[in-house]
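Just below is one structure, and these are the notes that go with it.
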Amino acid sequence: MTEPVTSSRRPTSPVASDPSGPPRGVAEIDGALVGFAYAVNNADPEFGNLLDNLHVQPDAQGRGLGRAILCRVAETVDSKGWAPKLWLWVYASNAGARRFYERFGADECGQTLLESADGGRVLSCRYVWRDTNGIRGGVAIGSC
């Protein structure tokens, strides 16, 4: 298996191909998509830009891809001139993801019940970066 490649390329979908679309981070191994994320501008008046769908396939985790994707999104948010803030929801039961966000300086800032894909309700935590420069600068565990 070759080394992972990260970029801000847009997958080939109508929304993703729009150059004015949201910042994205994409990770590939041997040309296969193994991780991605995107941001939604000013999704919340207090917390700013929503970091949505940050995912890395389980068999690709532990290789720095999540960090690279998160950094790519933060850099692109900055280059677009968006407010330097990000936030996201994560299931309270997802301890690994919560530790990941905390390592990169996100603070838990509230919990609520959200609807899950199966129509149920799941306890979710809001994680917030009040300054994306901390993500790019690697405040918690080194540079991006």
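If I take R0 = 30 Å and measure r between the Cβ atoms of A43 and S79 in this structure, what FRET efficiency does the formula 1/(1 + (r/R0)^6) give, to the nearest 0.05?
So, using R0 = 30 Å, E works out to roughly 0.95.
Sort region 47-125 into rounded, prolate or oblate with this rule: let a ≥ b ≥ c be the square roots of the eigenvalues of the Cα gyration tensor; rounded if a/c is under 1.5, and if a/c is not under 1.5, prolate when a/b is larger than b/c, oblate otherwise.
Oblate, since a/c reaches 1.5 and b/c is not below a/b.
Fully extended, how many nm does the chain gain between D59 and L114 (0.36 nm per residue separation, minus their Cα-Cα distance)?
The span from D59 to L114 would gain 17.1 nm if fully extended.
A short reminder: the numbers here are calculations on the coordinates, not readings from a lab. Source: prediction; values computed, not measured. Here the Cβ is made from the backbone with ideal geometry for all residues, glycine too, and neighbour counts use every protein chain on show.
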